[in-house]
Amino acid sequence: MAKIIDGKEIAGQIKAEVKAEVKDLLAHGIMVTLAVIQVGEDPASSVYVRNKKKTCEELGIRSRSYSLPQAASEEELLSLVGELNEDPEVDGILVQLPLPEQINEKAVLEAISPEKDVDGFHPCNVGALSCGEECFVPGTAAGIIELLVRSGIPIDGRECVVVGRSNIVGKPVAQLLLRENGTVTVAHSHTKNLREVTRRADILVAAVGRRRMIDASYIKPGAVVIDVGIHRDEKNKLCGDVDFESAASVASAITPVPGGVGPMTIAMLMRNCVESRRRRL
Ligand code: NDP
């Protein structure tokens with residue numbers, strides 16, 4: 001049976017480190033601030049925003065919330081982002097996605113100052129990541145590397161396969177694995193013979209958005225499996241892109257859902273907020 005990689009425990013370690021840094025900054029009269037903007041009242045977005053605010057509170061980070069109505073115009077949102085860009089107190093700006101259809105998501109993400117782009121979605125940060133320069137990295141991708149490193153799983157020289165090539169997970173995690181000297185393959189919906197590709201992996205990252213798709217038949221015996229997916233199953237229980245029971249019977253280590261990658265995303269976001277202030281000091 002595979003070793004369980006405990007994301008809750010590792011996220012707890014990171015949050016404790018962030019909390020200590022926030023306290024240290026506070027002792028010098030510096031308060032770290034995250035501005036969170038939500039447009040409309042999408043219930044899933046409201047849950048994410050609430051969790052971010054709660055974690056800020058827990059760590060001593062000030063959160064400022066901005067709620068715009070569902071019918072808000074792109075200009076209104078851009079104007080708010082512009083104000084927050086100029087506000088010296090604000091370290092991180094986060095616009096909760098998805099946005100209503102009258103608003104161009106790309107224009108908004110590009111309007112956030114790259115220095116305050118704690119989600120790491122701005123093209124400047126994306127470009128810097130691919131050049132191997134210092135930048136903000138999306139929380140989920142950065143969290144996956146932390147899970148591996150803090151679990152003592154080597155990446156250097158190993159075959160890494162990422163299933164999924166989204167801008168928020170698949171591509172950044174592939175870049176980071178490459179930065180750690182992994183030999184990286186990115187698979188997607190056009191990949192032929194997916195099982196043959198995934199069975200080469202020493203480290204397999206499933207960010208495919210398909211409930212329990214990756215079972216033991218996709219996994220080389222002894223591989224490490226990182227499950228990014230979040231779904232509800234037929235019994236309304238949380239599950240991932242990986243069929244946990246089946247995969248755990250062949251993998252050497254595996255992340256559960258819930259309690260694997262999920263808690264890391266928010267912990268890394270908080271770390272980016274502190275990092276933003278440290279860089280600006
Ligand atoms: P996307 O839907 O944006 O991307 C899915 C990717 O998987 C695409 O690149 C797609 O390929 C590929 N894909 C889809 N079907 C197949 C298939 N049958 N075979 C091979 N590749 C396939 O999803 P995200 O990257 O945003 O998210 C992935 C999962 O992670 C979701 O379950 C999401 O809920 C979860 N998630 C979890 C987070 C966390 O904090 N734990 C954070 C973000 C996401 P193509 O590009 O060709 O279409």
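The values are calculated or read from the model by the stated rules, or taken from the named source; none is laboratory data. These numbers were taken from a predicted model, which means no experiment stands behind them. Because the Cβ atoms are built from the backbone with ideal geometry, glycine has one as well, and the counts that use them run over all protein chains shown. Calculation scope for accessible area: heavy atoms of the full protein, side chains included, ligands and nucleic acids excluded. Shrake-Rupley method; radii C 1.70, N 1.55, O 1.52, S 1.80 Å.
Hey, can you grab everything whose amide H is under 5 Å from the amide H of GLU159? Only 5+ residues off in sequence or another chain; H modelled, so Pro and N-termini drop out.
Residues meeting the amide H criterion: THR183, ASP202, ILE203.
Name the aspartates and glutamates eligible as straight-distance cross-link partners of LYS52: C-alpha to C-alpha under 16 Å, and not fewer than 8 places from it in the same chain.
Here the aspartates and glutamates satisfying the reach criterion relative to LYS52 are GLU41, ASP42, ASP91, ASP117, ASP119.
Keeping all protein chains in place and using 1.4 angstrom, which order do HIS231, HIS188 fall into by accessible surface area, from largest down?
The ordering from most to least exposed comes out as HIS188, HIS231.
Helix 7-27 sits at what angle to the longest principal axis of the chain, using alpha carbons and giving 0 to 90 degrees rounded to 10?
Approximately 30 degrees, to the nearest ten.
For LYS235 and ILE4, compute 0.36 nm times the residue count separating them, minus their Cα-Cα distance, and round to one decimal in nm.
80.9 nm
Under a crude label model (7 Å from the Cα following the beta-carbon direction), how far is ASP156 from GLU75 in nanometres?
Inter-label distance under the simple model: 5.6 nm.
If the label point is 7 Å along Cα→Cβ of LYS53, which residues in the stretch 78-99 have backbone nitrogen under 14 Å from it?
96
For the stretch 1-26, list residues with backbone N below 17 Å from a point placed 7 Å from the Cα of SER249 toward its Cβ?
Flagged as within label range: 1-3.
Per residue, how much accessible area does the chain show when a 1.4 Å probe rolls over the protein heavy atoms, in square angstrom?
Value returned for the chain: 47 Å² of accessible area per residue.
How do 160-167, 121-128, 189-196, 93-100 rank on mean C-beta neighbours within 10 Å, highest first?
In decreasing order of mean packing, 160-167, 121-128, 189-196, 93-100 become 160-167, 93-100, 121-128, 189-196.
Taking the highest mean first, how do the peptides 148-158, 204-214, 27-37 order by number of other beta carbon atoms within 10 angstrom per residue?
204-214, 27-37, 148-158
For the stretch 155-200, rounded, prolate or oblate, judged on the Cα gyration tensor with a ≥ b ≥ c (square roots of eigenvalues), a/c < 1.5 rounded, else prolate if a/b > b/c?
Since a/c reaches 1.5 but b/c is at least a/b, the shape of the stretch 155-200 is classed as oblate.
For LYS192, which lysines qualify as cross-link partners when the Cα separation must be under 25 Å and same-chain residues fewer than eight apart are set aside?
Within reach: LYS171, LYS220.
For the chain, take the longest principal axis of its alpha carbons; what is the angle in degrees between that and the long axis of helix 74-86, to the nearest 10 within 0 to 90?
In the chain, helix 74-86 runs at an angle near 80 degrees to the longest axis.
Given the peptides 264-271, 233-240, arrange them by the average over their residues of other C-beta atoms within 10 Å, most packed first.
Per-residue Cβ counts within 10 Å, averaged per peptide and sorted highest first, yield 264-271, 233-240.
SER217 to GLN102: FRET efficiency via 1/(1 + (r/R0)^6), r the Cβ-Cβ distance, R0 30 Å, to the nearest 0.05?
0.10
Could you calculate, for the chain, the ratio of the Cα radius of gyration to the Kirkwood radius, expressed as Rg to Rh?
Here Rg/Rh amounts to 0.98.
In whole percent, how big is the carbon plus sulfur part of the accessible area of the chain, probe 1.4 Å, protein atoms only?
Looking at the chain in its full context, I get 50 percent from C and S.
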